[in-house]
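Quick note: the coordinates plus some simple rules give every number you see, no bench work behind them. Because the structure is a prediction, the values reported are computed rather than measured. Cβ sites come from the backbone with ideal geometry, for glycine too, and all protein chains shown count toward neighbours.
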Amino acid sequence: MHQMTLAEIARGLADKKFSSEELTKVLLARITQLDPQLNSFISLTEELALEQAKAADARRANGESGALLGAPIAHKDLFCTQGIRTSCGSKMLDNFKAPYDATVVAKLAAAGAVTLGKTNMDEFAMGSANESSWYGAVKNPWNLEHVPGGSSGGSAAAVAARLLPAATATDTGGSIRQPAAFTNLTGLKPTYGRVSRWGMIAYASSLDQGGPLARTAEDCAILLQGMAGFDQNDSTSIDEPVPDYSASLNTSMQGLRIGVPKEYFSAGLDPRIAELIQNSIKELQKLGAVIKEISLPNMQHAIPAYYVIAPAEASSNLSRFDGVRFGHRCENPENLIDLYKRSRGEGFGPEVQRRIMVGAYALSAGYYDAYYLKAQKIRRLVKNDFMAAFNEVDIILGPTTPNPAWKLGAKNSDPVAAYLEDVYTITANLAGLPGLSMPAGFVDGLPVGVQLLAPYFQEGRLLNVAHQYQLNTDWHTRTPTGF
Ligand code: GLN
């Protein structure tokens, strides 16, 4: 039962082959049995799950239908869940029970999805390995000595290990697409503004975007449908109609122009990944796509710009955690300054503290123009490169990451080494564009992802290309041994 995709679950529930309650019990038992090896969950919500499953079964018995009605999922632990711990992977929020549901959580619950729990993540979504979590590292089900990617590493490991069919995640600089690549999943970062950020604990507000992690493009379409849409509570949410993503899945790829940026195949890319990307290009050509070499000349500046903008916004967003209103408070503060200092010093881990310091520095008087303003100018150049490219092509294709998942601890002493691994993903966040990663093969038994980028609001195009590819390849069906 645990092998089923969301689409198969929806069919099974509609045909009354099993109930949501039965399926939920099977998956909860599987999580209890197998998750100790992975550490992909921070909280299990068994009672809520069984309640929601029974309610979904009752709604189906009353004649209601819907692809998510009774479907088990989990939420990355930065989506606020009313009355349930929402930790953001941090000691700071270990004692925080959200007083309300994030829009994404509320929408999915209304569609009948069943919440099995809250998944592990890098602290405040800062990281690419899920090693900065206060709740401990998450292991990659493909090789337990390797990282699952981050910051949505818990969602990715859980879905890859078939503990559940799909989960929510967020992507500020790659945190949906990179863990998807590292664990053989399909993950979609939507256009900025497509999915409400209300109740999604902020890391870098101009870059953060929620999206689905699942095994197939078909399932990403189903989950995205439940997440997307205008929300008046989020001033950056966009009031555009949400298309029927599942209906966009069977469009012909004949004549589709795919751009392959020459900058993507530089020295930093593992040649074995380069070969798998070339194979995926050939596969898409067979389906009718036309390949064109393009250029994104400002790509080299994207990492430094991102690692100024993201910490700058983070330092501002995280100032609310002061020991007074939210989360951790130190014992016996001597005065207000001591309260701030010790509460924040104790509550935040080293990576979060590093970014708060970098961000506060970049925003400080005298340095603002040199760093923050400069970074924002680079951001515009990155966007302009994409706009020029999309005049010539419909999709941009390349690797999701330069290397496969590294060993646990391998980059702990050198944060910049980890930042450099974000080279292919962060440009989409800087420009606000939608991006998808899908399975493209294996290197030394570790999964490799191919990334597709599209113009604003063309999530359907990304999902269609990925679906056509998945109808003709079987990488996405491979299961890690032991799960
Ligand atoms: N690795 C990037 C960072 O650490 C991206 C993280 C994310 O997308 N949340 O900032």
- prompt: Can you give me the Cα centroid spacing of segment 133-148 and segment 92-132 in angstrom?
  reply: 18 Å
field: Extension reserve of the Leu420-Arg85 stretch, reckoned as 0.36 nm per residue once the Cα distance is removed
entry: 117.3 nm
message: Need one word for segment 82-150: rounded, prolate or oblate. Basis is the Cα gyration tensor (sqrt eigenvalues a ≥ b ≥ c); a/c below 1.5 gives rounded, then a/b vs b/c decides.
response: oblate
statement: Exposed-loop cut sites defined as trypsin sites (Lys or Arg not before Pro) in DSSP loop states with at most 12 other Cβ within 10 angstrom; longest site-free run of the chain spans 17-324
- prompt: Rounded to the nearest 0.05, what FRET efficiency is calculated for Gln278 and Ala14 with R0 set to 41 Å and r the Cβ-Cβ distance?
  reply: 0.50
query: Sorting Phe79, Phe18 on the 10 Å Cβ count, fewest up front, what's the list?
result: Phe18, Phe79
field: Likely footprinting exposure, Asp414, Asp234, fewest C-beta neighbours within 10 Å first
entry: Asp414, Asp234
- prompt: Under the rule of -39500 (n - 2.57) per DSSP H run of 4 or more residues, summed and divided by the residues of the chain, what mean residue ellipticity at 222 nm is obtained, to the nearest 500 deg cm²/dmol?
  reply: -11500 deg cm²/dmol
task: Would you work out the relative contact order for segment 431-472, in percent, from Cα pairs under 8 angstrom that are 6 or more residues apart?
output: 38 percent
- prompt: Cα gyration tensor of segment 392-483, axes a ≥ b ≥ c as square roots of the eigenvalues: rounded (a/c below 1.5), prolate (a/b > b/c) or oblate?
  reply: oblate
- request: Take the alpha-carbon centre of segment 281-324, take the same for segment 1-49, and report the distance between them in whole Å.
  value: 33 Å
- line: Here the net charge surrounding Ala305, from other residues whose Cβ is less than 9 Å away from its Cβ (Lys, Arg +1; Asp, Glu -1), is +3
statement: For segment 194-307 the mean separation of alpha carbon contacts under 8 Å (6+ apart) over residue count, i.e. relative contact order in percent, is 23 percent
- line: Percent relative contact order for the chain, counting Cα pairs under 8 Å at least six residues apart, stands at 18 percent
- prompt: Which ordering of Tyr368, Tyr306, Tyr135 is given by a fewest-first count of other beta-carbon atoms within 10 Å?
  reply: Tyr368, Tyr135, Tyr306
- prompt: Does segment 91-206 come out rounded, prolate or oblate by the C-alpha gyration tensor, with a ≥ b ≥ c the root eigenvalues, rounded set by a/c under 1.5 and, if not, prolate when a/b is larger than b/c and oblate if not?
  reply: rounded
